[in-house]
Amino acid sequence: MKSIGFTYNGTKITLLKGDITKQDTEVIVNAANSSLMGGGGVDGAIHRAGGPEILKECKEIRKNQGKCPTGEAVITSGGNLKAKYVIHTVGPIWRGGNNKEPQLLSNAYKNSLKLAHENNIKTIAFPSISTGAYGYPIEKASIVALNAVKEVLNKITFEEVRFILYSGEDFEVYKDKIEKVFS
Ligand code: ADP
């Protein structure tokens, strides 16, 4: 079974190979782009599975707030998903690593958790943000993601934070890093 679970500072951490659209956490996080108008990869999968309500709410946010800057996050309902909400965050495009990519990726995770907390959400599932079309090497991105979450969990307790890896290879990378970051 491709899963790992342990508790860190009162929060259950789960690492799972799977599909984020199928998760039963209260919120799932979408690796969106700043247009908030949908896209490929996990973004496309979430909009397909959740139905048109999610895009409708994204369009409303666009109208009121404009584009979502890299590292920021917004929240919509989950439409037809099991998850009640979707947090849409924008990770950085990998441009070699010297263009604030680590800070921006870290912000995407931290701002997602902050927004979840503000909405009284206790269970959240993350995909591997920026490591698909945006090209962030997963060996590097996983360390940034795990450290960002750990930092927040030192201050805020959730019931569960779940990391969902779509491929077995990505799962193995996370498995290796999670032991190092959370030990
Ligand atoms: P980005 O543009 O931020 O790189 P992508 O959607 O291209 O976002 O990829 C981010 C990660 O999401 C990749 O590791 C990809 O394998 C993964 N992914 C794609 N579909 C799903 C899914 N249904 N559930 C979980 N992860 C997914």
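Okay, residues lined up against (1) of a type in the set (Phe, Trp, Tyr); (2) outside any helix (DSSP H, G or I); (3) modelled with pLDDT under 95:
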| residue | (1), (2), (3) |
| --- | --- |
| Asn80 | no, yes, no |
| His88 | no, yes, no |
| Gly97 | no, yes, no |
| Ala108 | no, no, no |
| Tyr134 | yes, yes, no |
| Ile143 | no, no, no |
| Tyr174 | yes, no, no |
| Lys180 | no, no, no |
| Ser183 | no, yes, yes |
Requested in this report: Mind listing just one residue for me: the one in the stretch 39-56 that is within 11 Å of the ligand (Cβ to nearest atom) and assigned to a loop (DSSP other than H, G, I, E, B) and, of those, surrounded by the most Cβ atoms within 10 Å (Cβ to Cβ)?
Outcome: Gly39
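Does the stretch 158-175 hold any residues that are among the hydroxyl-bearing types (Ser, Thr, Tyr) and either loosely packed, with under 14 Cβ neighbours inside 10 Å or closer than 10 Å to Lys12 by Cβ (or both), and which are they? Spell out the reasoning first.
First, pick out the residues of the stretch 158-175 that are among the hydroxyl-bearing types (Ser, Thr, Tyr): 166-167, 174.
Hit for the stretch 158-175 is Ser167, nothing else.
Just for the stretch 25-37: of the residues that are touching a strand residue (DSSP E or B) at 6+ places or on another chain (Cβ under 8 Å) and assigned to a loop (DSSP other than H, G, I, E, B), which one is farthest from the ligand (Cβ to nearest atom)? Write out each step before concluding.
Going residue by residue through the stretch 25-37, those that are touching a strand residue (DSSP E or B) at 6+ places or on another chain (Cβ under 8 Å) are 25-34, 36.
Imposing the further condition that a residue be assigned to a loop (DSSP other than H, G, I, E, B) reduces the set to 25-26, 33-34, 36.
Working: Thr25: 13, Glu26: 17, Asn33: 7, Ser34: 11, Leu36: 13 Å.
Checked the stretch 25-37; the qualifying residue farthest from the ligand (Cβ to nearest atom) is Glu26.
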Query raised in the report: Which ones in the stretch 115-132 are in a helix (DSSP H, G or I) and surrounded by fewer than 15 Cβ atoms within 10 Å (Cβ to Cβ)?
Result: Glu118
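For the stretch 70-106, name all the residues that are among the hydroxyl-bearing types (Ser, Thr, Tyr) and more than 13 Å from the ligand (Cβ to nearest atom).
So in the stretch 70-106, the residues among the hydroxyl-bearing types (Ser, Thr, Tyr) come out as 70, 76-77, 85, 89, 106.
The answer is Thr76, Ser77, Tyr85, Ser106.
The values are calculated or read from the model by the stated rules, or taken from the named source; none is laboratory data. Because the structure is a prediction, the values reported are computed rather than measured. Virtual Cβ from ideal backbone geometry, glycine too; neighbours counted across all protein chains shown.
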